[in-house]
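Report on the following structure.
The values are calculated or read from the model by the stated rules, or taken from the named source; none is laboratory data. A quick note: this is a predicted structure, and the numbers were derived from the prediction, not measured. Because the Cβ atoms are built from the backbone with ideal geometry, glycine has one as well, and the counts that use them run over all protein chains shown.
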Amino acid sequence: MDANNVANILGAFALRMSDELSAEIADPEVDASSIGALVHLSKYAGSSIEDLRAPLWLSHSGCVRVVDRLVSKRLVERREAEDGRAVAILLTRKGRAMAEAALERREERLIRALQPLSKAEQGVLGDLLARVLTWEVQTVGSALRACRLCDYAACRECPMTSIEE
């Protein structure tokens, strides 16, 4: 298989998984950016609006609107940050449950995608994908964006740990 063929197959698979994951983690109450914010906050409690910009790939005002929607649905709450200069955003119990459910549905779908491969093939694919991912993702901000829906506990050999800002 030549590089163009591999690239085309990779593109089709990436698009298929993107569509499938969007459908799997969708919730009638919130949009995809909101789910991304909830999952990020489940890993980084007390993040500020500015902290959410990189993983959500939104402007400051866009992040404010996402957080406003989440506050109105009682999925997050704003509190004064420890340094007193910013506002910390924290998940409510309902928000944490929604983030956990989205991560579970994401994991189930990704595991189904790997079913045609043996354990050995999955290991090889994992190694190859880690190499490609670290080639493509070279800043902390882009790593936060790429990993915004990752289950950190499942990623015991995270390729992103080598990225430095």
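All but one of (1) at pLDDT below 95; (2) surrounded by 17 or more Cβ atoms within 10 Å (Cβ to Cβ) hold for Leu41; which doesn't?
The single condition Leu41 does not satisfy is (1).
How about segment 1-33: which of its residues are in a loop (DSSP other than H, G, I, E, B) and more than 23 Å from Arg112 (Cβ to Cβ)?
Of everything in segment 1-33, those that are in a loop (DSSP other than H, G, I, E, B) and more than 23 Å from Arg112 (Cβ to Cβ) turn out to be Met1, Asp2, Glu29, Asp31.
Please tell me if Ala113 is out of contact with any Phe, Trp or Tyr (no Cβ under 8 Å at 6 or more places or on another chain) and within 28 Å of Ala37 (Cβ to Cβ).
Details: out of contact with any Phe, Trp or Tyr (no Cβ under 8 Å at 6 or more places or on another chain): yes; within 28 Å of Ala37 (Cβ to Cβ): yes.
Taking the combined requirement at face value, the residue satisfies it.
Kindly indicate whether any position in segment 74-85 is assigned to a helix (DSSP H, G or I) and out of contact with any strand residue (DSSP E or B) (no Cβ under 7 Å at 6 or more places or on another chain).
No: zero hits.
What are the residue pairs meeting all of these: first residue in segment 28-55, first residue aromatic (Phe, Trp, Tyr), second residue assigned to a helix (DSSP H, G or I), Cβ atoms under 7 Å, and 6 or more apart or on different chains?
Matching pairs, first to second residue: Tyr44/Asp51.
Collect the residues in segment 10-28 that are farther than 16 Å from Leu103 by Cα and either surrounded by 11 or more Cβ atoms within 10 Å (Cβ to Cβ) or of a type in the set (Asp, Glu) (or both), keeping them in residue-number order.
Leu10, Phe13, Arg16
Here's a check for you: in segment 34-73, which residue that is among the hydrophobic types (A, V, I, L, M, F, W, C), outside any helix (DSSP H, G or I) and in contact with a helix residue (DSSP H, G or I) (Cβ under 9 Å, 6 or more places away or on another chain) is farthest from Cys150 (Cα to Cα)? Spell out the reasoning first.
So the first thing to find is which residues in segment 34-73 are among the hydrophobic types (A, V, I, L, M, F, W, C), and the list is 35, 37-39, 41, 45, 49, 52, 54, 56-58, 63-64, 66-67, 70-71.
If we keep only those that are outside any helix (DSSP H, G or I) as well, we get 45, 57-58.
Then keep just the ones that are in contact with a helix residue (DSSP H, G or I) (Cβ under 9 Å, 6 or more places away or on another chain); that gives 57-58.
On the way: Trp57: 16, Leu58: 19 Å.
So the residue we want is Leu58.
Report whether or not Arg148 is buried (at least 16 other Cβ atoms within 10 Å of the Cβ) and of a type in the set (D, E, K, R).
Details: buried (at least 16 other Cβ atoms within 10 Å of the Cβ): yes; of a type in the set (D, E, K, R): yes.
Yes: the conditions hold for Arg148.
Within the group Glu121, Glu104, which residue is more than 22 Å from Arg53 (Cβ to Cβ), under 15 Å from the mean Cα position of the chain (by Cα) and assigned to a helix (DSSP H, G or I)?
None of the other options fit; the residue is Glu104.
Could you give me the residue pairs with C-beta distances under 7 Å whose first residue belongs to segment 1-20 and is within 29 Å of Arg105 (Cβ to Cβ), whose second residue is surrounded by 10 or more Cβ atoms within 10 Å (Cβ to Cβ) wherever it lies, and which are 6+ apart or on separate chains?
Once the first residue is within 29 Å of Arg105 (Cβ to Cβ) and sits in segment 1-20, its partners that are surrounded by 10 or more Cβ atoms within 10 Å (Cβ to Cβ) give Met17/Ala113; Glu20/Arg109.
What residue, among those in segment 66-89 that are surrounded by 15 or more Cβ atoms within 10 Å (Cβ to Cβ) and small (Gly, Ala, Ser), is nearest to Ser34 (Cα to Cα)?
Among residues in segment 66-89 that are surrounded by 15 or more Cβ atoms within 10 Å (Cβ to Cβ) and small (Gly, Ala, Ser), the one nearest to Ser34 (Cα to Cα) is Ala88.
Of (1) touching a residue at least 12 places away in the same chain (Cβ under 8 Å); (2) among the hydrophobic types (A, V, I, L, M, F, W, C); (3) assigned to a helix (DSSP H, G or I), Leu149 satisfies all except one. Which?
The failed condition is (3).
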